[in-house]
Structure formats: structure tokens, C-alpha cells
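Working notes for the structure below.
The values are calculated or read from the model by the stated rules, or taken from the named source; none is laboratory data. None of the values given here were measured: they were computed from a predicted structure. Heads up, the Cβs are rebuilt from the backbone with ideal geometry, glycines too, and the neighbour counts pull from every protein chain shown. Note: areas computed on protein heavy atoms with side chains; ligands, DNA, RNA excluded. Shrake-Rupley method; radii C 1.70, N 1.55, O 1.52, S 1.80 Å.
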Amino acid sequence: MIDPELRRRLTGVFTALVTPFRDGAVDGPALEKLIAAQIAAGVAGLVPVGTTGEAATLSEDEADAVIRTTVKAAAGRAFVMAGAGSNATRLAVGKAERAEAAGADGLLLVTPYYNKPSQDGLFDHFSAIASAVNLPIMLYSVPGRTGVEIAPATAARLAAAHSNIVGIKEAGGKAERITELRLALGADFVIHSGDDGLTLPFLALGADGVTSVASNLLPAEVVALCRAWYAGDPREARRIHEVLFDLVGHLFIESNPVPVKTALARAGLIGPELRAPLAPLRPESRKALEASLQSFESRANI
């Protein structure tokens, strides 16, 4: 049984934070500014050093500093769920321990990428991490990035074995997974949509919230969509979903987080800098994103 207060804190919009850079280094002031905007918009949680935060390109010291900055800037006003995944179990345990020491409230653990472990391998991997820390853990299934999916039965096995494994971020793009997970894990286990375009249908099928890329740019709008659903107003939730739909699609026109960082730079919230091997948007993608942004700005009324 998951603590009801913890479950409440894990419900809603969690922003998968980008990591701003300036002249090759993490831009702490820009990150603090971004976090302030998120909290002002009412997000429930912040997810530093995840895929969207270009975690694979951060040094250990940089990742720890980003987590500490996020914890300090959030100041208890949002749940800080730090990314701590790796494709090496030993390294993931170390990341989890450092995130706990840095003050994170919880951990987001992606499936090991490249290795493509079996379901038994996944169980052993996540078990090792869960046994090493006291923080609540959200699993992260994203087969398009990692090549392996967490089976509902494996998630249920992990939840039964470790009381601190309390949720899963589902980013496989299949609506039926929400029902499969809910049936396997019960009503208390927390499920987040990991795909912005599927937030509303996932909520309708029993998800509790979204770990969102789009909310870096549009925190108030994504929060409004979820709040409308929670308030029992599906018509309003659908209206917001439809307003956001085209722009959300264009925020993934190339590999995340390149489009959303481009849009954030356009808005003056961060600089446009990325870390190699990511490259700036191609001209045709930039043109399409700009057109979508202009269209959204001309008609948005949320």
C-alpha cells in the first residue's frame, strides 16, 4: 500500500527539465529561472537529469549540481524526482545514492539501454537500486530509446518486492499498456504518461499524471489540462488537448530535447546550446516548429 500523501504528491504534472548550457557549462541561473516559472504555473513535480536534461552528456559533478540546484530552487514546493538511470547497474546504484545525498525526493529509473536485458535482468537491476536507497522510485519504460520494455508482470513483481517502488512512467506509445499496468499493479500504484500527446487518453484509462517535455515551455497549459480532467470536466480537458495537439507534435519533430530547447530559446527562457552529439534543428524542422508556435500563439486561450 502506497502512502496516500506520497501518492497525492506524485499526481499531476511533472516537468522533465531541460538542462540549460552556456559556453559549454551548465547555466545555473537559467535553470533557476526555468524552475521558478514551473512552480508559478503549479506543476506538481520536477525531473532533473533525465533524458530531456541530456543526462547522458553530464558529468557526475554536473548531474549532482543540477539536482542540488533543483532541490534548492523548488524549496519543497514541488516534488523533485531525479533521473538516476544507467545501463550499468553498479553505476545506476551510485547515481541513485548521490541523488539521495543531493536532496532529491524520489528517483526516476530508466530501463538499461543498449544491453537489452531480459525481464529477470530488469528485476535484478531495479532491485539492486531499490535496495540501496530509501527514496520512492518511479520506473521508466521507454522502449523507443532503450530497446526493452518493462513487462507489467515485472513491474508488479518489483512493487511486491520493494515498498519504495511506487510508480512507472509509461512512454511506449501504446494506450493499452495503461490498462495492462493498472490490472497488474492495482489502484494505488502511480502511473504517469511519458508521451505528451497521449496525456489525455492515458488519464482516461487510469493514469495519474504526466512526466512532460512540453511543460518546459507550456507549464500552465499542461497543468490546466490535467486539472480539468481531475475536476471532472472532460470536455474542457479535450479542448485544451486539441489546442496543444499540433504544437506538442512539433516539439518532437526531431530528437528530444532539441525542439523544446529551440522553442525555449525563442521565448528567451534559456540559451539555445545543446551538447554533442545533439545538433541544432535542421532548417526545415525549425521552419515547421516556428509555424506551429505562431499558430498556437495566435489562437491559444487557455
### Task
For region 232-302, give the percent of accessible area contributed by carbon and sulfur heavy atoms, probe 1.4 Å, rounded to a whole number.
54 percent
### Task
Calculate the length of the line joining the C-alpha centroid of region 81-110 to that of region 246-302, in whole Å.
29 Å
### Phi-based couplings in Hz for region 59-71 (Karplus 6.51, -1.76, 1.60; Gly and Pro marked x)
6, 4, 5, 5, 4, 4, 5, 5, 5, 4, 4, 5, 4
### Summary
Over the chain, with neighbouring protein chains present, the accessible area per residue in Å² at probe 1.4 Å is 42 Å²
### Cα centre as origin, Lys/Arg/Asp/Glu Cβ charges: region 25-68 dipole, Debye
260 debye
### Query
Using alpha carbon centroids, what distance separates region 1-49 and region 175-212, in Å?
20 Å
### Message
Between Q119 and T57, what is the label-point separation in nm under the 7 Å Cα-to-beta-carbon projection?
### Response
3.7 nm
### Query
In nm, what is the difference between 0.36 nm times the number of residues separating A184 and I39 and their Cα-Cα distance?
48.9 nm
### Task
Using the Cα centre as the reference, give the magnitude of the dipole from point charges on the C-beta atoms of the chain (Lys, Arg: +1; Asp, Glu: -1; all else neutral), rounded to the nearest 20 debye.
260 debye
#### Entry: Residue-averaged 222 nm ellipticity for the chain, from DSSP H runs of 4+ at -39500 (n - 2.57), nearest 500
-15000 deg cm²/dmol
### Query
Amide H to amide H, which residues 5 or more places from V190 or on other chains are under 5 Å from it, using H placed in the peptide plane?
G167, I168
### Query
Among V213, A187, G232, whose Cα lies farthest out toward the positive end of the dipole of region 138-281, if unit charges sit on the beta carbon of Lys, Arg (+1) and Asp, Glu (-1)?
V213
### Spherically averaged projected area of region 158-276 from its Cα convex hull (nm²)
8.8 nm²
### Task
Take each of the peptides 281-290, 39-48, 157-166, average the number of other beta-carbon atoms within 10 Å over its residues, and list them starting from the highest.
39-48, 157-166, 281-290
### Query
Roughly how many debye, to the nearest 20, is the charge dipole of region 145-302 about its Cα centre, given +1 on each Lys and Arg Cβ, -1 on each Asp and Glu Cβ, and no other charges?
200 debye
